[in-house]
Amino acid sequence: MKLRVAIGADHGGLALKEELVRRLGDNVELIDVGAHEFDANDDYPDYVLAVGRAVASREADRGIMLCGSGVGACVASNKIRGVRAAVCHDTYSAHQGVEHDDLNVLCLGARVIGIEVATELTIAFLMARFSGEERHVRRLEKVAAIENGMNSAPPDVDEGIDIGADDEETELEPLDEDEEEVDEPEDDMDEDQLADSQ
Ligand code: RB5
């Protein structure tokens, strides 16, 4: 059975999506949610919603969402329950995100990468499978708990939600180099310990 892939893009990602769709051809079962024509005034959340819903409802196995940077697509995608999205512009993250974090929506920035890199990232993402290893399942359960509001602190009702717009200028504390904590890699890790530490 072919992998079912929902794909979408705003005007920033449209040209790259069209080329990616052409390259994917009939190797996957594509659900192209648009945009289908250039409209400089279209908004990425509309396509994010269509891709995210297809993935969350399991109509699609995976989603790919393209915008100018991939960032807006990623921010919006992660608001949809059941969606785990990331901008991955390197192949390690594109497959490791699936293997460890059960990434199900890949976000790409068409103003950042070109078609060759986008194709390799897409292949790495689509070929990868969640490992199912206990430590990753445990971490995903904690992620799901955050999504379900179980671990998150409620906003302070008296002060409202602070989005930082009216913040007074804040000064960063200079980094005291003497206090800097550096995680030294352990020299004598064997392969299993190394795998378990990731
Ligand atoms: C559209 O101009 C652009 O903001 C959008 O495609 C995306 O890059 C947002 O993150």
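Is it true that some residue in the range 20-31 is surrounded by 16 or more Cβ atoms within 10 Å (Cβ to Cβ), without any contact (Cβ under 8 Å) to a residue 60 or more places away in the chain and within 11 Å of Cys67 (Cα to Cα)? No - not one qualifying residue is present in the range 20-31. Of the residues making up the range 49-72, those that are part of a helix (DSSP H, G or I) and within 16 Å of the ligand (Cβ to nearest atom) number 6.
Phe38 meets the conditions (1) farther than 22 Å from Leu140 by Cβ; (2) touching a helix residue (DSSP H, G or I) at 6+ places or on another chain (Cβ under 9 Å); (3) outside any loop (DSSP other than H, G, I, E, B); (4) hydrophobic (A, V, I, L, M, F, W, C) in every case but one. The failed one is (3).
For the range 118-137, the set of residues classified as exposed (fewer than 15 other Cβ atoms within 10 Å of the Cβ) and either in contact with a strand residue (DSSP E or B) (Cβ under 9 Å, 6 or more places away or on another chain) or within 13 Å of Asp90 (Cβ to Cβ) (or both) consists of Glu120 only.
Among residues of the range 61-73 that are modelled with pLDDT of 95 or more, those with a beta-carbon under 7 Å from a residue that is among the basic types (Lys, Arg) and near the ligand (Cβ under 8 Å from one of its atoms) at least six positions away or on a different chain give the pairs Gly68/Arg111; Ser69/Arg111. A single member of Val87, Val112, Val105, Val137 is free of Cβ contacts under 8 Å to residues at least 24 places away in the same chain and closer than 27 Å to Arg22 by Cβ, and it is Val87. Only a single criterion out of (1) within 25 Å of Glu133 (Cα to Cα); (2) part of a helix (DSSP H, G or I) is not satisfied by Ala76, namely (1). Could you check the range 79-98 and list, in sequence order, the residues that are in contact with an Asp or Glu (Cβ under 9 Å, 6 or more places away or on another chain) and either within 19 Å of Ala56 (Cβ to Cβ) or charged (D, E, K, R) (or both)? Arg81, Gly82, Arg84, Ala86, listed by residue number.
Scanning the range 112-140 for residues that are part of a helix (DSSP H, G or I), in contact with a Ser or Thr (Cβ under 8 Å, 6 or more places away or on another chain) and not acidic (Asp, Glu) returns Leu121, Ala124. Select from the range 98-111 the residues that are within 15 Å of Ile64 (Cβ to Cβ) and either part of a loop (DSSP other than H, G, I, E, B) or acidic (Asp, Glu) (or both) and write down the one among them that is nearest to the ligand (Cβ to nearest atom). Per the criteria, the residue is Ala110.
Checking Asp42, Asp46 one by one, the residue that is farther than 29 Å from Asn148 by Cβ, at pLDDT 95 or above, within 13 Å of the ligand (Cβ to nearest atom) and among the acidic types (Asp, Glu) is Asp42 and no other.
The values are calculated or read from the model by the stated rules, or taken from the named source; none is laboratory data. Remember, predicted model here, so these are calculated numbers, not experimental data. Reconstructed Cβ throughout: ideal geometry from the backbone, glycine too, with neighbour counts over all protein chains shown.
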